[in-house]
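Where a number appears in this text, it was derived from the coordinates with a stated rule and is not lab data. These numbers were taken from a predicted model, which means no experiment stands behind them. Positions of Cβ are generated from backbone atoms using ideal geometry, with glycine treated the same way; all protein chains shown enter the neighbour counts.
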Amino acid sequence: MDRLMLVLPTEQHKQAVWDYREEFLRNQDSMDGTGGLANAQSFEEWYQNNVNNRSEETVREGLVPATTFLGVEKESGKLVGMIDIRHRLNEYLLQFGGNIGYSVRPSQRRKGYATEMLALALEECRKLGLDRALVTCDKTNIASAKTIQKNGGVLENEVLEGDRITQRYWIAL
C-alpha cells in the first residue's frame with residue numbers, strides 16, 4: 001500500500017479541490033476532514049482559512065490548529081481523499097471529533113485509500129509530537145470503523161450526541 005502521498009494544498013490544486021467538493025455535493029455526502037470545504041464560497045477562501053488554521057497564532061476563533069492534507073495518487077496525481085489533522089483537542093473534539101477526520105471521494109471508495117491515508121496521517125501526528133491519536137466515527141459507518149481498526153485503533157467507548165452514536169478509538173503512536 002504505497003499508492004498515495006499526503007500533500008499540502010496549493011493554488012495549483014484549485015480545480016482538483018473544487019471538483020472533489022462538487023462530487024460530494026452531487027452525492028449529498030458528508031465532506032469530513034476537508035477543513036470546511038463544504039461551506040467555502042470559493043477555493044481562495046477555503047485555501048486561506050486552511051493556511052491560517054495551521055498555526056496557533058492565526059487559527060480561526062473557536063477552532064484548534066489543524067493541517068488539512070490532500071490524499072493524492074502518486075502515479076496519476078489524482079486527488080482521491082482529504083484528511084485533517086487537529087494538532088490538539090478541545091472538549092468537543094475529545095468527545096466527538098478526534099484528532100483526525102478524513103473522506104474519500106465517492107468514486108474512489110472501497111479501494112483501501114482511507115486506510116492508507118490514515119496510516120500516512122498517523123506519521124504526521126508523530127511529527128507533531130503526539131503519542132496517541134483519537135479517531136472517531138459514526139457507529140453506523142462500518143467502513144470507517146474498519147479503517148481505524150486496521151491502523152491500530154482500540155475502541156474506548158461510544159458516546160451519544162442527539163440521535164447519533166460516536167465511536168471513540170485511540171491509536172498509540
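Each label was represented as a point 7 Å from its Cα along the Cα-to-Cβ direction; for residue 7 and residue 60 these points are 2.5 nm apart. With a simple spin-label model that places each label point 7 Å from the Cα along the Cα-to-Cβ direction, the separation between residue 23 and residue 111 comes to 0.7 nm.
For segment 64-134, trypsin sites (Lys or Arg not before Pro) meeting the loop criterion (DSSP other than H, G, I, E, B) and having at most 10 other Cβ atoms within 10 Å: 74, 110. 3J(HN,Hα) along segment 32-48: 6, x, 10, x, x, 4, 4, 9, 6, 7, 7, 4, 4, 4, 4, 4, 5 Hz, from the Karplus curve 6.51 cos²θ - 1.76 cosθ + 1.60 with θ = phi - 60°, whole Hz, x for Gly and Pro. In terms of its C-alpha gyration tensor, segment 4-172 comes out rounded, because the ratio a/c of the largest to the smallest axis stays below 1.5. Within the straight-line cut-off of under 21 Å between alpha carbons, the lysines reachable from residue 78 are 14, 111, sequence neighbours fewer than 8 places apart in one chain being disregarded. Ranked by the mean number of other Cβ atoms within 10 Å of their residues, highest first, the peptides 15-25, 133-143, 98-108, 153-163 fall in the order 98-108, 133-143, 15-25, 153-163.
Partners of residue 139 within straight-line reach, counting aspartates and glutamates whose Cα lies under 17 Å from its Cα and excluding those fewer than 8 residues away in the same chain: 29, 32, 156, 158, 161, 163. In the chain, Cα pairs under 8 Å separated by at least six residues give a relative contact order of 19 percent.
If the segment from residue 45 to residue 164 were pulled out straight at 0.36 nm per residue, it would be longer than the present Cα-Cα gap by 39.8 nm. Please state the Cα pair-distance histogram of segment 76-124 with 10 angstrom bins from zero: what percent is in each bin? The calculated distribution, bin by bin, is 24, 47, 25, 4.
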